[in-house]
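The values are calculated or read from the model by the stated rules, or taken from the named source; none is laboratory data. Note that this is a predicted model, so its numbers are computed, not measured. Cβ: placed from backbone, ideal geometry, glycine included. Neighbour counts: every protein chain shown.
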There are 2 protein chains.
Amino acid sequence: MITVNIIGAGNVATHLYKAFNKSNQVAINQWFSRDLKCVQDFDSETDITNDLSTLEPTDITIIAVSDDAIAEVSKHIPYENTLVVHTSGSVSLHELDKKHRRGVFYPLQSFSKTAEIDFSNVPICVEIDRLADVPILKKLVTVIGSPYYRINSDQRATLHLAAVFVNNFSNQLYRIAHEITESTSVEFEILKPLIMETAHKIESISPYMAQTGPAIRKDKRTIKKHLNALKNPIHKDIYQLLTKSIQKTHGR
Amino acid sequence: MITVNIIGAGNVATHLYKAFNKSNQVAINQWFSRDLKCVQDFDSETDITNDLSTLEPTDITIIAVSDDAIAEVSKHIPYENTLVVHTSGSVSLHELDKKHRRGVFYPLQSFSKTAEIDFSNVPICVEIDRLADVPILKKLVTVIGSPYYRINSDQRATLHLAAVFVNNFSNQLYRIAHEITESTSVEFEILKPLIMETAHKIESISPYMAQTGPAIRKDKRTIKKHLNALKNPIHKDIYQLLTKSIQKTHGR
């Protein structure tokens, strides 16, 4: 049995709470939230608190708060020499107070408050100071059914950056497509199967091999037509820059 | 029973052939390919030809050839006053020879030669000259199980443009993420669940509502860190431009 404390009540904290709670190999000792209202629904299941000084030592303490608050929160944990991890993609392990055995437990997925999460689709990237702490963190990942990856700081920074491209930036391309279709009263709906297929395709072939369209074909007529059709100057810039990027990638 | 001729042997033609062949409400009379080798696997099932002049009239003739060849091919069809449609997203209906009753049968999906296609995930956008031709084209769409959309020329041009954003450009962002992860020997694999979830999310909420990340949070520290980490100047430009676009969309 792994005992844990959870600090924070945002999306990541809440989904982790639910995943741990389902497992019979994890016991949640205490759940801290600055604002008790955020966790009061779980009051009957677990020991909730809004006072860090009441926390008692566990095998693993998980800090899932906003990046800026991690260092401060870690200082106020009233015990030391236990394993304390944060869940951020971009904060250094060394921002955790050095009185702890320190680690990172970074779930690489986009969480929303409402939707249920299937943790088998949430790779967890683990970074750790002391080799001796690897087995228990690895166990915590596997009992919730997540793929486990051991990474270093550079790799985590890289993943966080790459995630911005595939998540935030792709989503913005969907948004632009939404604006474009609305401009001629076309249902954005029509594009959704293509969006899914584009993501699905690279499960079996590389993005390099999957590329198609006017840019890679160097179809100047279509590219010109598209640029003329785009009224928003930022959309035009994005079209030109990504076309250039595709042509550079494919050596044309 | 709808009778069809198919002209062309690329991905779209081949997948349409298979879908029609499965339906007991469609009869494929002849399948034309310039190069008989491309269709010889189907010789036992259907009448294949590499000579346009041998084609005989059917209810619908489908021209699924490269954009540049559509006008020329439509001229050489040796009959007139039947329904002839092309499958292109960007070619005008009026490029079809006016001796035909003309239409467009545009499947909005990314086809690969190998993967099987589920046509319930292939919206078909239909554009048509004469109202009287609507019912038979609509029937052809529905017998293969595809969602049917009647659109006009402007709307088709818009969809084609929007498809470049969600398909070619998103795929290029995946490619960039692949390059970034390789630079620190991280497995690109780790990002795949996030890519799928990003596409999946907008089935239930709009891309506007789905946006997260450093750009929308106006998290200058992270943005600066990311820009410093990007070595490729085009990747840096893309990061800056899409960050600007997100901030503009969300009024910051």
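Counting only residues that are more than 8 Å from chain A (Cβ to nearest Cβ), among the polar types (S, T, N, Q) and in a helix (DSSP H, G or I), the stretch B:208-246 holds 3 of them.
Among all positions in the stretch A:218-234, there is no residue which is in contact (Cβ under 8 Å) with a residue 12 or more places away in the chain and either of a type in the set (Phe, Trp, Tyr) or closer than 26 Å to residue B:119 by Cα (or both). Note on the stretch A:44-71: residues that are more than 26 Å from the chain's Cα centre (by Cα), farther than 20 Å from residue A:99 by Cβ and of a type in the set (Asp, Glu) amount to 2.
From the residues in the stretch B:1-14 that are crowded, with 20+ Cβ neighbours inside 10 Å and farther than 13 Å from residue B:39 by Cβ, which one is farthest from the chain's Cα centre (by Cα)? Don't jump to the end; show me each part of the working.
The first filter runs over the stretch B:1-14 and keeps only residues crowded, with 20+ Cβ neighbours inside 10 Å, leaving B:4-9, B:12-14.
Narrowing further to those that are farther than 13 Å from residue B:39 by Cβ: B:4, B:12.
On the way: B:4: 21, B:12: 9 Å.
Filtering the stretch B:1-14 for residues that are crowded, with 20+ Cβ neighbours inside 10 Å and farther than 13 Å from residue B:39 by Cβ, the one farthest from the chain's Cα centre (by Cα) comes out as B:4.
Take the conditions (1) modelled with pLDDT of 95 or more; (2) within 19 Å of residue A:110 (Cα to Cα); residue B:227 misses just one of them, which is (2).
Considering only residues of the stretch A:119-162 that are polar (S, T, N, Q) and surrounded by fewer than 17 Cβ atoms within 10 Å (Cβ to Cβ), which is nearest to the other protein chains (Cβ to nearest Cβ)?
From the stretch A:119-162, those polar (S, T, N, Q) are A:120-121, A:142, A:146, A:152-153, A:155, A:158; that's our starting set.
Filter once more, so that each one left must be surrounded by fewer than 17 Cβ atoms within 10 Å (Cβ to Cβ): A:120-121, A:142, A:152-153.
Values: A:120: 9, A:121: 4, A:142: 16, A:152: 8, A:153: 10 Å.
Among them, the one singled out is A:121.
Filtered by the rule that a residue be crowded, with 23+ Cβ neighbours inside 10 Å and either under 20 Å from residue B:222 (Cα atoms) or not hydrophobic (A, V, I, L, M, F, W, C) (or both), the stretch A:169-180 gives A:169, A:170, A:171, A:172, A:174, A:175. If you go through the stretch A:140-163 and keep only what is of a type in the set (Lys, Arg) and touching a residue at least 40 places away in the same chain (Cβ under 8 Å), you end up with just A:156.
How about the stretch A:182-202: which of its residues are outside any helix (DSSP H, G or I), on the phi < 0 side of the Ramachandran plot and surrounded by fewer than 20 Cβ atoms within 10 Å (Cβ to Cβ)? Walk me through how you get there before you give the answer.
Looking only at the stretch A:182-202, we keep the residues that are outside any helix (DSSP H, G or I), and these are A:184-187, A:202.
Now restrict to residues that are on the phi < 0 side of the Ramachandran plot: A:184, A:186-187, A:202.
Result: A:184, A:187.
Against the list (1) among the hydrophobic types (A, V, I, L, M, F, W, C); (2) assigned to a loop (DSSP other than H, G, I, E, B); (3) facing chain B (nearest Cβ under 7 Å), the condition residue A:205 fails is (3).
Restricting the first member to the stretch B:90-119 and to residues that are in the same structural domain as residue B:9 (by TED's automatic domain parsing) and farther than 21 Å from residue A:188 by Cβ, and the second to residues that are among the aliphatic types (A, V, I, L, M) and part of a loop (DSSP other than H, G, I, E, B), the beta-carbon pairs closer than 6 Å and six or more apart or on different chains are B:102/B:96.
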